[in-house]
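Q: The structure's right below; bear with me while I get my questions together.
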Amino acid sequence: MQQSRSRPRALMVLLGLIAIVASACSGSTASTAPSTAASAAPPSAAAAATATPPPAVTPKPLVADAPGPNGGVVVSWFVGLGAGAQPQQLQAEATFVDKFNASQKDVYIALEIQNNNVAANKLKTRIAAGDAPDIIGPVGVEGLNLFRDQLLDLGPLIAKTAYSVPGVDPKLVDFFKLGENNATVGVPYAVYPSYLYFNKDLFDEAGLPYPPTKVGELYQGKPWDMDAVRTLGMKLTVDKAGNDATSPKFDAANVVQWGFDMQYADNSPLAETALFGASSFLAADGKSAQIPEQVSTGEKWYNAGVWTDHFIPSAAQINSDLLDKGNEFESGNLAMNESHTWFTCCVYPAAPAKPKIKQFGFAIAPAYKGVTTAKLHADTFSLLKTTKHPDEAFKAMTALVASPELLTLYGAMPANPAQQAAFFKAVDANFPGVKLDWTIPQAMLAFPDVPNHQSWVPNYAKSKDAWKAFQNKYRTTSGLDIDAELNTLKTTLQGIFDEPAS
């Protein structure tokens, strides 16, 4: 990821875009994406970070195995794998802990906050030394992958306490079966559903109706699916003479406006093709590499969209001035972009530049073969297997999840529908005169990609580098045999899967 640009967002939203914002608003080889897991901190924290920073917050000294000052069982909460380690967040987290500890005598939370760029290694060291914390989080799927074999199955605790998050779709509960043997390692908390962002001005200019806002709605009398996106995308792709991509006069060498892309998809074939259905490069046996039909079909669709139909930009076009050197939708020259709630950070340019987009909206993710899949980023809290006090740790964890103050601090869309209005209001304030339909992100939560595009595979980091290399190659090279390239990727991944865990 290249260096990011800060955004003129309200403080609440800026703080809560987690590691996402640091990489989301930058350009790279292709349309490179942010991750919801442990990666870089938001710009304000990243700029201040040093090579070996001290802990942001260290727990107060306590006598080992003794009750906390309130008489409760001591449970340690480790922050830094995702949100929560930014300077503006520290005092609010400490205040929550102080209030919680003073409110009851069963549990005493000991708070530790590490800087984002060292937190994962610090946690690995503590686990190896037999000094692991009880609770980790907030943390995204990729952060959980780093400690998958150390995560406690929350299923028995959920059943024992009859715990649930009110109003949450069961599919979102099942989303967190990310642990070994499908163990539940998190609960619904902070969510970033994906859906279509579209530039209303470009649609109006082309005389085209806006995309559907409800699942199952037709578009111009036909299903709202990937075929419809291709057709619509070509009509919205224009050369410098004003010809769209359906015209025999269209000049593919001089495109000035593109119809569709999935911006900031982290150069991941699994993310990019999630619209064709959820899938994994890891077969059901847990050791064999595979190329799922969803990826094969989807990548051929994208490859044709770039090099044959020309409604999806190539890497060179993405990094051109026409597409703001990587922020395609912000440029005003991309009509449709499938992305997440966090992308509101990047619709407008950094101040003092003026927005190039006047009006934009949200629409439903297109279906494939009648099935809608909207890839999901999500943050949660998790417990480690080594906790000596699972009941007390779970009580503390559910208190963290229930806190409206922490949700506001992190700025994410709450999984709990009853808590979402404040988030919507905060984002709306950044776009005066723009009417955003928040029922669309809400609806997309019922269609998460399971398995998730960030789900664990053996030697995850090295595997990710391999599939990103495939992604970059097809976006930079015309005329590739996608089947051959995917077969090569399968062979490469199998070799990585067979290596000892790093």
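Q: Around Gly216, what is the net charge, scoring Lys/Arg as +1 and Asp/Glu as -1 over all other residues with Cβ under 15 Å from its Cβ?
A: +1
Q: Only Lys, Arg, Asp and Glu count, each charged at its Cβ (+1, +1, -1, -1), so figure out the dipole size of the chain about its Cα centre, rounded to 20 debye.
A: 660
Q: Exactly which trypsin sites (Lys or Arg not before Pro) in the stretch 333-433 are in a DSSP loop and have at most 12 other Cβ atoms within 10 Å?
A: Lys358, Lys369, Lys388
Q: Give me the dipole magnitude in Debye, nearest 20, for the stretch 332-453 about the Cα centre, with unit charges on the beta carbon: positive for Lys and Arg, negative for Asp and Glu.
A: Roughly 300 debye, rounded to the nearest 20.
Q: Among Val141, Pro59, Gln442, which residue has its Cα furthest toward the positive end of the charge dipole of the chain, with +1 on Lys/Arg Cβ and -1 on Asp/Glu Cβ?
A: Pro59
Q: Would you indicate which of [x] 24, 56, 19, 1; [y] 25, 52, 21, 3, 0; [z] 21, 48, 23, 7, 0 is the value of P(r) over Cα pairs in 20 Å bins from 0, in percent derived from the coordinates of this structure?
A: Working out P(r) over Cα pairs in 20 Å bins from 0, in percent from the coordinates points to [x].
Q: Okay, next question. Within the chain, what whole-number % of the accessible surface is contributed by carbon and sulfur, with the 1.4 Å probe and all protein chains included in the calculation?
A: It is 55 percent, rounded to a whole number.
Q: Out of the DSSP beta bridges found with both residues in the chain, what percent are antiparallel (nearest 5)?
A: In the chain, DSSP labels about 65 percent of beta bridges as antiparallel.
Q: Relative contact order of the chain, please, whole-number percent, based on alpha carbon pairs below 8 angstrom and at least 6 residues apart.
A: Averaging sequence separation for qualifying contacts and normalising by length gives 23 percent for the chain.
Q: Related question: Between the stretch 55-79 and the stretch 320-343, how many Å separate their Cα centres?
A: The stretch 55-79 and the stretch 320-343 have Cα centres spaced 46 Å from each other.
Q: Equivalent ellipsoid semi-axes for the stretch 239-291, as square roots of 5 times the alpha carbon gyration tensor eigenvalues: give them largest first, rounded to whole Å.
A: With the √(5λ) rule applied to the stretch 239-291, the semi-axes are 37, 11, 9 Å.
Q: Let me ask you something else. Once each part is reduced to its C-alpha centroid, what is the distance from the stretch 266-313 to the stretch 422-457 in angstrom?
A: About 23 Å separates the Cα centre of the stretch 266-313 from the one of the stretch 422-457.
Q: Now for a different question. Only Lys, Arg, Asp and Glu count, each charged at its Cβ (+1, +1, -1, -1), so figure out the dipole size of the stretch 160-319 about its Cα centre, rounded to 20 debye.
A: About 280 debye.
Q: Another one. Per 0.36 nm of contour for each residue apart, how much would the distance between Glu405 and Ala94 grow if the chain were fully extended, relative to their Cα-Cα spacing?
A: Contour length minus Cα-Cα distance gives 110.8 nm.
Q: I need the calculated FRET efficiency for the pair Thr125 and Asp465, taking r as the beta carbon distance and R₀ as 25 Å, to the nearest 0.05.
A: Calculated value: 0.55.
Q: Net charge near Ala128, counting Lys/Arg +1 and Asp/Glu -1 over other residues with Cβ under 15 Å of its Cβ?
A: After counting each charged neighbour, the total is +2.
Q: Distance cut-off 28 Å, Cα to Cα: go down the list Lys356/Lys464; Lys425/Lys468; Lys214/Lys435; Lys171/Lys358 and report the pairs above it.
A: Listed pairs above 28 Å: Lys356/Lys464; Lys425/Lys468; Lys171/Lys358.
Q: Right, something else. Probe of 1.4 angstrom, ligands and nucleic acids ignored: what's the accessible area per residue over the chain, in square angstrom?
A: 39
Q: A further question follows. With the crude spin-label approximation of a point 7 Å out along Cα→Cβ, what separation in nm comes out for Lys171 versus Ala501?
A: Roughly 3.1 nm, to one decimal.
Q: Using +1 at the C-beta of Lys and Arg and -1 at the C-beta of Asp and Glu, which of Pro500, Ala190, Ala399 has the Cα lying farthest in the positive direction of the dipole of the chain?
A: Among Pro500, Ala190, Ala399, the one farthest towards the positive end of the dipole of the chain is Ala399.
Q: Another question, then. Around Val306, with a cut-off of 14 angstrom between Cβ atoms, what is the net charge of the other residues, counting Lys and Arg +1 and Asp and Glu -1?
A: Local net charge: -2.
Q: So what is the calculated 222 nm ellipticity per residue for the chain, using -39500 (n - 2.57) for each DSSP H run with n of 4 or more, over all residues, to the nearest 500 deg cm²/dmol?
A: So the helix-based figure for the chain works out to -9500 deg cm²/dmol.
Q: Next question. With just the Cα atoms defining each centre, how far is the stretch 360-386 from the stretch 110-154? Give it in Å.
A: 23
The values are calculated or read from the model by the stated rules, or taken from the named source; none is laboratory data. Nothing here was measured: the structure is a model prediction, and the numbers come from that model. Cβ: placed from backbone, ideal geometry, glycine included. Neighbour counts: every protein chain shown. We work out accessible area using only protein heavy atoms, side chains counted, and drop any ligands, DNA or RNA first. Shrake-Rupley method; radii C 1.70, N 1.55, O 1.52, S 1.80 Å.
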